[in-house]
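Report on the structure given below.
The values are calculated or read from the model by the stated rules, or taken from the named source; none is laboratory data. Since the model is a prediction, treat every value here as computed from it, not as a measurement. Quick reminder, even Gly has a Cβ in these numbers, built from the backbone with ideal geometry, and neighbours come from all protein chains shown. We work out accessible area using only protein heavy atoms, side chains counted, and drop any ligands, DNA or RNA first. Shrake-Rupley method; radii C 1.70, N 1.55, O 1.52, S 1.80 Å.
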Amino acid sequence: MTDTSTPLQPDPPARPSRKAAWLAMGAVLLALVLLTLLPGSGPNVDPNAPPPGADDPDGDTALVGRDAPLQFTLKDMHGEDVQLASFKGKVIVLNFWATWCGPCKAEIPDLVTLQTKYKDDLVILGVSVDDTPEKMKPYAAEYKINYPLLVGEGREDVQNAYGPLWGIPVSVIIDREGKIAEKHSGIASREQFERVITPLL
């Protein structure tokens, strides 16, 4: 479901780079998205669809009910350390994304709305899988992002802890006690998020 034409710098020939793998998966997902946009196929995001995690093509339910790995500290786009554990006690939406990801871009306005609506009890953390802070800052300004953006570039340890991530966006919803309530691969609407988040508030 990703949408990018960013040139690659491959790893040694024996194995493709992580970005190449993302792009390959993205090309397949983009083709599927385009198929859903054919006449008569209906909208890409159905507001009446089941909440995130209701169907499980990506094995997302495997993490549900487990303690979230909140032991990580990441840099935000301003270079400040952000400890995931510092948000325990709030509902957390950990959103894995990238600036080159079309579905991620489509999801951002709903995430901004959710952060505003539930600001006292909810924190959304956007973990960019491979963007530099220099790319993230103008993007955050353009889309008026009102939640922390964290640098996930080079942090495969974090991605693997919440994985597998077969593509992006991926959102992991963590309850106030630090347990994983849902993991959802792919774009989700505000209504889908709210069906999971509101009972946890």
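For the reader, a short list of remarks on this structure follows.
- Filtered by the rule that a residue be closer than 26 Å to Tyr139 by Cα and open to solvent by 20 Å² or more (accessible area, probe 1.4 Å), region 186-201 gives Ile187, Arg190, Glu191, Glu194.
- Residue match in region 170-185 (condition: open to solvent by 20 Å² or more (accessible area, probe 1.4 Å), hydroxyl-bearing (Ser, Thr, Tyr) and more than 12 Å from the chain's Cα centre (by Cα)): no
- Applying the criterion of being open to solvent by less than 30 Å² (accessible area, probe 1.4 Å) and outside any strand (DSSP E or B) to the residues of region 78-98, the residue that is farthest from Ala141 (Cα to Cα) is Leu84.
- Total residues in region 144-164, condition open to solvent by less than 10 Å² (accessible area, probe 1.4 Å) and not in a loop (DSSP other than H, G, I, E, B): 4
- Test set (1) at pLDDT below 95; (2) out of contact with any Gly (no Cβ under 6 Å at 6 or more places or on another chain); (3) not aliphatic (A, V, I, L, M) - Asp175 fails condition number: (1)
- Ala141, sole failed condition from (1) among the aliphatic types (A, V, I, L, M); (2) surrounded by fewer than 16 Cβ atoms within 10 Å (Cβ to Cβ); (3) assigned to a loop (DSSP other than H, G, I, E, B): (3)
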